[in-house]
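What follows is a set of notes on a single structure, which appears directly below.
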């Protein structure tokens with residue numbers, strides 16, 4: 001060690017996490033420790049190195065788990081054959097660009113954000129969906145039809161159609177909001193409620209399973225997230241929105257052009273306002 005100073009393991013982990021290639025954990029820690037001013041020949045550092053490596057590996061594992069829980073692709077995964085090797089995931093989004101995209105989404109006016117959520121739902125497998133027209137009642141802003149045979153084996157799922165209803169919120173969402181939304185879904189399943197009266201005839205005729213979700217530009221409280229999981233509907237915060245938009249492989253003016261990432265808020269707003277796209 002250098003005097004009484006201890007290595008900043010958090011900074012070491014962030015240094016590793018920002019790499020854009022396969023990483024040898026031991027080698028990267030040595031580089032990071034040297035950058036922090038520690039001598040690799042120090043006996044005290046050598047005595048502590050295995051502890052540092054274990055703590056760093058644990059924190060990286062936690063970052064990977066956090067990404068998985070959020071539904072986003074982590075930058076690295078540990079090699080299944082060598083626990084000292086971190087395998088870079090080339091389709092992952094850099095932290096800096098992800099943060100910039102999230103800020104851009106948060107700044108969108110509500111109507112633009114509503115259409116962005118509809119686009120995300122289309123990309124995610126519900127191509128037949130659209131925003132509700134006119135006055136929004138009964139907690140539904142987006143509706144659509146999911147055909148599972150488009151992504152699951154058609155020999156089993158052909159003919160199945162699920163009604164999909166979503167609510168869109170700009171602010172951070174707590175449990176009371178998702179609890180109310182769950183009640184709205186139950187009304188729709190029972191073909192009643194204010195939102196049901198506003199549905200197009202095709203969705204009124206279609207009976208059976210109802211799927212629901214809530215989109216938020218500011219995320220969800222833990223209670224809201226736990227409630228949604230317990231009651232079987234999805235919640236999509238800004239990180240998941242960005243994950244879908246930037247890893248879909250399709251052009252999105254304002255975010256993705258021919259595979260290149262670049263934030264252009266003006267182009268994004270113009271695209272989202274065009275009726276031709278929705």
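The values are calculated or read from the model by the stated rules, or taken from the named source; none is laboratory data. Quick caveat, the model's predicted, so the values are computed rather than measured. We place every Cβ from the backbone using ideal geometry, glycine too, and count neighbours over all the protein chains shown.
Residues in the range 183-222 that are outside any loop (DSSP other than H, G, I, E, B) and within 26 Å of residue 108 (Cβ to Cβ): 12 in all. Tell me whether the range 47-58 contains one or more residues that are within 22 Å of residue 99 (Cβ to Cβ) and within 33 Å of the chain's Cα centre (by Cα). No - not one qualifying residue is present in the range 47-58. Any residue that is within 29 Å of residue 182 (Cα to Cα) and surrounded by 15 or more Cβ atoms within 10 Å (Cβ to Cβ) - is there at least one of those in the range 251-270? So far as the range 251-270 goes, no, none of its residues is within 29 Å of residue 182 (Cα to Cα) and surrounded by 15 or more Cβ atoms within 10 Å (Cβ to Cβ). For residue 46, the test of being assigned to a loop (DSSP other than H, G, I, E, B) and either touching a strand residue (DSSP E or B) at 6+ places or on another chain (Cβ under 9 Å) or surrounded by fewer than 13 Cβ atoms within 10 Å (Cβ to Cβ) (or both) is failed.
Has the range 23-40 got any residue that is outside any loop (DSSP other than H, G, I, E, B), touching a helix residue (DSSP H, G or I) at 6+ places or on another chain (Cβ under 9 Å) and modelled with pLDDT under 90? Among the residues of the range 23-40, not one is outside any loop (DSSP other than H, G, I, E, B), touching a helix residue (DSSP H, G or I) at 6+ places or on another chain (Cβ under 9 Å) and modelled with pLDDT under 90, which makes the answer no.
For the range 51-161, please list each of the strands (runs of 3 or more DSSP E) lying entirely inside it that holds at least 2 residues being surrounded by 13 or more Cβ atoms within 10 Å (Cβ to Cβ) and in contact (Cβ under 8 Å) with a residue 24 or more places away in the chain.
The strands (runs of 3 or more DSSP E) meeting that bar are 85-88, 128-131, 142-146.
When residues in the range 229-255 are screened for being within 15 Å of residue 73 (Cβ to Cβ) and in contact with a helix residue (DSSP H, G or I) (Cβ under 9 Å, 6 or more places away or on another chain), 9 of them pass.
Any chance the range 29-41 includes a residue that's outside the structural domain of residue 240 (by TED's automatic domain parsing), surrounded by 11 or more Cβ atoms within 10 Å (Cβ to Cβ) and in contact with a strand residue (DSSP E or B) (Cβ under 7 Å, 6 or more places away or on another chain)? Give the steps one after another, and end with the answer.
Step one: of the range 29-41, the residues outside the structural domain of residue 240 (by TED's automatic domain parsing) are 29-41.
Narrowing further to those that are surrounded by 11 or more Cβ atoms within 10 Å (Cβ to Cβ): 29-36, 38-40.
Now restrict to residues that are in contact with a strand residue (DSSP E or B) (Cβ under 7 Å, 6 or more places away or on another chain): 38.
For the range 29-41, residues outside the structural domain of residue 240 (by TED's automatic domain parsing), surrounded by 11 or more Cβ atoms within 10 Å (Cβ to Cβ) and in contact with a strand residue (DSSP E or B) (Cβ under 7 Å, 6 or more places away or on another chain): present.
I'd like to know if the range 229-238 contains one or more residues that are crowded, with 17+ Cβ neighbours inside 10 Å, assigned to a loop (DSSP other than H, G, I, E, B), assigned by TED's automatic domain parsing to the domain that holds residue 122 and at pLDDT 90 or above. Taking every residue of the range 229-238 in turn, at least one turns out to be crowded, with 17+ Cβ neighbours inside 10 Å, assigned to a loop (DSSP other than H, G, I, E, B), assigned by TED's automatic domain parsing to the domain that holds residue 122 and at pLDDT 90 or above. The selection criterion, being farther than 19 Å from residue 209 by Cα, assigned by TED's automatic domain parsing to the domain that holds residue 209 and either part of a strand (DSSP E or B) or touching a residue at least 12 places away in the same chain (Cβ under 8 Å) (or both), does not hold for residue 166. If you go through the range 239-278 and keep only what is touching a residue at least 60 places away in the same chain (Cβ under 8 Å), more than 14 Å from residue 97 (Cα to Cα) and assigned to a loop (DSSP other than H, G, I, E, B), you end up with 248, 250, 278.
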